[in-house]
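Structure first, then comments.
The values are calculated or read from the model by the stated rules, or taken from the named source; none is laboratory data. If you're wondering where the values come from, they're calculated on a predicted model, not measured in any experiment. Glycine gets a Cβ as well: all are built from the backbone with ideal geometry, and neighbour counts include every protein chain shown.
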Amino acid sequence: MATKTILMLEDDSDRLARFEIVISQIDPEIRLIQWRNAHRMIREAAQYLPSCNLICLDHDLEPEPRESDPGDGLDVARFLAEQRPVCPILIHSSNGDRVRRMVGVFELVDIQSQTILPLGADWIERYWRKRVEGLLVSST
């Protein structure tokens, strides 16, 4: 059985650590490839798309030290719309306006995406985990 791969755009170290823990609990063999910068994800993600099982996107990104513009999830959504990935896409952001714009970018090219609001202290462990488990089952 092939190793499952999740591609993720996320800049928060605490959330990344929590995502990693949850993913290892779902299946320790899942490979998480993450980016904190939308421009880097756009440059590097294409090589992973053919074998990817899930793409998870945040919108708002903070610049890293010595970095001026990390881009955002909408930049990545536009890139992915051109690439036409066949795996599920899950958007996790509290920026409702930008989430709607990201979903709209995917809808314009008939790509389905789902959203999850990061509400509550344990949203990753409770809600995100359940959604990811379901999406990984449907992508195999």
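Out of all the residues in region 59-78, is one or more of a type in the set (K, R), more than 26 Å from E125 (Cβ to Cβ) and either free of Cβ contacts under 8 Å to residues at least 60 places away in the same chain or touching an Asp or Glu at 6+ places or on another chain (Cβ under 9 Å) (or both)? Looking for residues that are of a type in the set (K, R), more than 26 Å from E125 (Cβ to Cβ) and either free of Cβ contacts under 8 Å to residues at least 60 places away in the same chain or touching an Asp or Glu at 6+ places or on another chain (Cβ under 9 Å) (or both), one finds at least one in region 59-78, hence yes. The set of residues in region 35-65 that are part of a loop (DSSP other than H, G, I, E, B), modelled with pLDDT of 95 or more and not aliphatic (A, V, I, L, M) comprises R36, N37, Y48, C52, N53, D58, H59, D60. For region 28-45, a residue qualifies if it is surrounded by fewer than 14 Cβ atoms within 10 Å (Cβ to Cβ) and closer than 20 Å to V86 by Cβ, and exactly one does: E44.
Within region 34-46, residues that are touching a residue at least 24 places away in the same chain (Cβ under 8 Å) reach partners that are part of a strand (DSSP E or B) and polar (S, T, N, Q) with beta carbons closer than 9 Å, at six or more positions or on different chains, in the pairs M41/Q34.
Yes/no per residue for (1) in contact with a helix residue (DSSP H, G or I) (Cβ under 7 Å, 6 or more places away or on another chain); (2) more than 24 Å from S138 (Cα to Cα); (3) among the basic types (K, R):
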{"residue": "D14", "(1), (2), (3)": "no, yes, no"}
{"residue": "R36", "(1), (2), (3)": "no, yes, yes"}
{"residue": "A46", "(1), (2), (3)": "yes, no, no"}
{"residue": "V76", "(1), (2), (3)": "yes, no, no"}
{"residue": "E82", "(1), (2), (3)": "no, no, no"}
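When region 66-94 is filtered for residues that are part of a loop (DSSP other than H, G, I, E, B), under 16 Å from D12 (Cβ atoms) and within 13 Å of the chain's Cα centre (by Cα), the ones remaining, listed by number, are D72, S93.
The set of residues in region 51-104 that are acidic (D, E) and surrounded by fewer than 15 Cβ atoms within 10 Å (Cβ to Cβ) comprises D60, E62, E64, E67, D69, E82, D97.
The residues of region 74-110 that are touching a His at 6+ places or on another chain (Cβ under 6 Å) and hydroxyl-bearing (S, T, Y) amount to a single one, S93.
When the residues of region 1-11 are filtered to those that are among the charged types (D, E, K, R) and in contact with a helix residue (DSSP H, G or I) (Cβ under 9 Å, 6 or more places away or on another chain), which remaining residue is farthest from H59 (Cα to Cα)? Reasoning before the result, please.
Keep residues of region 1-11 that are among the charged types (D, E, K, R), which gives 4, 10-11.
Next cut, in contact with a helix residue (DSSP H, G or I) (Cβ under 9 Å, 6 or more places away or on another chain) only: 4, 10.
Working: K4: 24, E10: 8 Å.
The qualifying residue farthest from H59 (Cα to Cα) is K4.
For region 17-34, a residue qualifies if it is within 15 Å of L90 (Cα to Cα) and either of a type in the set (S, T, Y) or part of a helix (DSSP H, G or I) (or both), and the qualifying residues are F19, I23. Filtering V105, V137 for residues that are among the hydrophobic types (A, V, I, L, M, F, W, C) and modelled with pLDDT under 95 leaves a single hit, V137. Anything in region 95-140 that is in a helix (DSSP H, G or I) and touching a residue at least 60 places away in the same chain (Cβ under 8 Å)? List them, or say none. Within region 95-140, I124, E125, W128, R129, V132, E133, L135, L136 meet the criteria.
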